[in-house]
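Shown next, in structure tokens, is the structure this report addresses.
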Amino acid sequence: MRRVGCPLKPAALLKLGVDGIAEAIRVSGMQYVKAETIINLVNSISVEELVELDPAELRAKLLSVRGIGYKTADVFLLMYRKYPVFPIDTHIRRVLIRYGAVKPGDSYEHIRSVVESSLPRDPEYLVKAHLSLIKHGRTVCRARKPDCQRCPVSEYCAKVIQNKN
Ligand code: SF4
């Protein structure tokens, strides 16, 4: 933040350029890819649009920016615009596949619609559910060696049921 100033201004980011931003966010990893995406974003969408544009229109615009995918667009819409959308990250996808709610080849949009159709359209609820599922995927339903013994939903999980049969 010291490098770019606070509050963050698009002009300051453009002045820093890819190298300057990458240096500032080095700790996050993949800093050059992220820095290029940030520059693409600044060049494509104004702050006013980010704050005021109709969420569905903004989603389409965000997805047109090179480097921004479905998850990033949906995280922005849910967290900052309080729009009732459910971002699907790698942990959530894994948990839902093992649980049997979706299949391994299902698209992002399909998985998102499955989750959204079974949860209330309440942004606060969706943020909590999103963070809880990520935590579950990181700590219990881990990529390697899921800890099914201490999983609260093991009784209903397709992976566990299949293993018993
Ligand atoms: S029972 Fe096991 S595989 Fe199923 S969701 Fe829980 S931790 Fe994951």
Among (1) in a helix (DSSP H, G or I); (2) out of contact with any Leu (no Cβ under 7 Å at 6 or more places or on another chain); (3) surrounded by 17 or more Cβ atoms within 10 Å (Cβ to Cβ), the one test that ILE111 misses
(2)
Search segment 113-129 for residues being among the hydrophobic types (A, V, I, L, M, F, W, C) and out of contact with any Phe, Trp or Tyr (no Cβ under 8 Å at 6 or more places or on another chain), and hand back the single one that is farthest from the ligand (Cβ to nearest atom).
VAL127
Just to be sure, is ARG98 in contact (Cβ under 8 Å) with a residue 60 or more places away in the chain, within 16 Å of the ligand (Cβ to nearest atom) and more than 29 Å from VAL42 (Cα to Cα)?
yes
May I ask you to verify whether GLU124 is of a type in the set (Asp, Glu), more than 18 Å from the chain's Cα centre (by Cα) and outside any loop (DSSP other than H, G, I, E, B)?
no
Can we say VAL102 is assigned to a loop (DSSP other than H, G, I, E, B) and surrounded by 12 or more Cβ atoms within 10 Å (Cβ to Cβ)?
yes
So which helices (runs of 4 or more DSSP H) are wholly in segment 22-81 and hold at least 3 residues that are more than 20 Å from ASP122 (Cα to Cα) and in contact with a Lys or Arg (Cβ under 9 Å, 6 or more places away or on another chain)?
31-44, 47-52
Going through segment 66-95 in order, the residues found to be surrounded by fewer than 18 Cβ atoms within 10 Å (Cβ to Cβ) and of a type in the set (A, V, I, L, M) are VAL75, MET79
Those residues of segment 17-54 which are crowded, with 17+ Cβ neighbours inside 10 Å and closer than 17 Å to MET79 by Cα amount to LEU53
Looking only at segment 130-165, count how many residues are outside any helix (DSSP H, G or I) and either exposed (fewer than 10 other Cβ atoms within 10 Å of the Cβ) or within 7 Å of the ligand (Cβ to nearest atom) (or both).
11
Which residue pairs have Cβ atoms under 7 Å apart, sit 6 or more places apart or on different chains, and have a first residue in segment 49-64 that is within 16 Å of PRO84 (Cα to Cα) and of a type outside the set (A, V, I, L, M) and a second that is at pLDDT 95 or above and surrounded by 12 or more Cβ atoms within 10 Å (Cβ to Cβ)?
PRO55/LEU77; PRO55/ARG81; PRO55/TYR83; ARG59/ALA73; ARG59/LEU77
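The values are calculated or read from the model by the stated rules, or taken from the named source; none is laboratory data. Note that the coordinates shown come from a computational prediction; the quantities given were computed from them, not determined experimentally. Positions of Cβ are generated from backbone atoms using ideal geometry, with glycine treated the same way; all protein chains shown enter the neighbour counts.
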